[in-house]
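The values are calculated or read from the model by the stated rules, or taken from the named source; none is laboratory data. All figures in this text were calculated on a predicted structure; none of them were measured in a lab. Here the Cβ is made from the backbone with ideal geometry for all residues, glycine too, and neighbour counts use every protein chain on show.
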Amino acid sequence: MPSLPFGVARLDSILEGGAPPGNVVLLAGESGAGAREFLYTSAAMNALGHADPELFDLYYGDLPAGATLPEAVHYISFTADTDAITREMGYTMADEIVDAAIGGIEFRDLSPEYFQLSPIPRDWYEDETTSITELGDRGEYEDVLTAFGDYLSAHADDSLVCIDSVTDLVSMVDEDTEWSDVTMVMKGLKKAAYEWGGLILVLVNTDSITDREFGALMDAAGGTLQFSWESGGSQRARTMFVREFRGVLSQLESENIVRFETEIHEGGFDISDVRKIR
């Protein structure tokens, strides 16, 4: 079965296509270390492959022989709307990529469901164009986890789904939402993803969770790419380490690859160097 590309050309080439379909992959790391930029690049490049093949060829190149683009790209955010995410993508890659790709990405802003029971004023997260009639017809929103699950059930088949971010769910844990609810959702997501046959990327900010919580999230995913800063002399470098990835890690280990040095340029997130065991 063809792999689904991550949208990072050199990584997809090393993996002979990308990720096996039906996988949930954590993109976990320190703030600014590259996990978010990886997510943006994956969404944009996979959408660009359908929206503008010429521009895709310019910035990504040819798809590896063992890869096929997902049928659709979905981006789910718990706290940010489409405009905010689009603006952030523009800080990561060239405007022409974002402008061409954005129409090929289906966004689901879950901030109304996420914030509805919080003390946050409604006008901070409500769409200004929403009418009083629409609010009356709609009533209260669904529980955020229910809305999240419903959207995935309806749209995740054969798709790339970008989830921004599971850390927001962890921060919801209180007397109404337990940590076990979050881990159960992630375990269910792993099982469902196999049936959906797509690729689900889940952003995790490791600065905001405990080691125990991170371990539980890793256990509920098929793979974990960890992003961090490394210091050498007077310079800092972004690195990516494949912590765990069933069906993929063994392939990297056979080539003695242990860590990737990364960079961010006009084409988005990229691998700048491959470190091997000496």
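The residue that is farthest from Phe115 (Cα to Cα), among those in region 53-86 that are more than 19 Å from the chain's Cα centre (by Cα) and without any contact (Cβ under 8 Å) to a residue 24 or more places away in the chain, is Asp62.
Scanning region 200-224 for residues being closer than 16 Å to Val161 by Cα and of a type in the set (A, V, I, L, M) gives a total of 6.
Applying the criterion of being assigned to a helix (DSSP H, G or I) and touching a helix residue (DSSP H, G or I) at 6+ places or on another chain (Cβ under 8 Å) to the residues of region 47-73, the residue that is farthest from Gly103 (Cα to Cα) is Tyr59. When Asp83 is tested against (1) assigned to a helix (DSSP H, G or I); (2) in contact with a strand residue (DSSP E or B) (Cβ under 7 Å, 6 or more places away or on another chain), just one condition goes unmet, and that condition is (2). Apart from one condition, Phe148 fits all of (1) assigned to a strand (DSSP E or B); (2) modelled with pLDDT of 85 or more; (3) not charged (D, E, K, R); the exception is (1). Looking across region 198-215 at every residue that is surrounded by fewer than 18 Cβ atoms within 10 Å (Cβ to Cβ) and of a type outside the set (S, T, N, Q), the one that is farthest from Ile271 (Cα to Cα) is identified as Arg212. Number of residues in region 21-58 that are more than 17 Å from Met240 (Cα to Cα) and either surrounded by fewer than 24 Cβ atoms within 10 Å (Cβ to Cβ) or of a type in the set (Lys, Arg) (or both) equals 11. Val173 fulfils the conditions (1) part of a loop (DSSP other than H, G, I, E, B); (2) at pLDDT 80 or above except for a single criterion, (2). The set of residues in region 176-213 being assigned to a loop (DSSP other than H, G, I, E, B) and either more than 24 Å from Gly29 (Cβ to Cβ) or in contact with an Asp or Glu (Cβ under 9 Å, 6 or more places away or on another chain) (or both) consists of Asp176, Thr177, Glu178, Gly197, Gly198.
Kindly indicate the residue of region 224-257 that is within 29 Å of Tyr91 (Cα to Cα) and exposed (fewer than 14 other Cβ atoms within 10 Å of the Cβ) and also modelled with the highest pLDDT among those meeting that condition. Taking the candidates together, the pick is Glu230. Residues of region 195-229 that are polar (S, T, N, Q) and within 15 Å of the chain's Cα centre (by Cα): Asn205, Thr206, Thr224, Gln226. You will find that of Asp57, Asp81, the residue that is among the acidic types (Asp, Glu) and modelled with pLDDT under 95 is Asp81 and no other.
Of the residues screened, Gly104 is not one that is at pLDDT below 65 and not hydrophobic (A, V, I, L, M, F, W, C).
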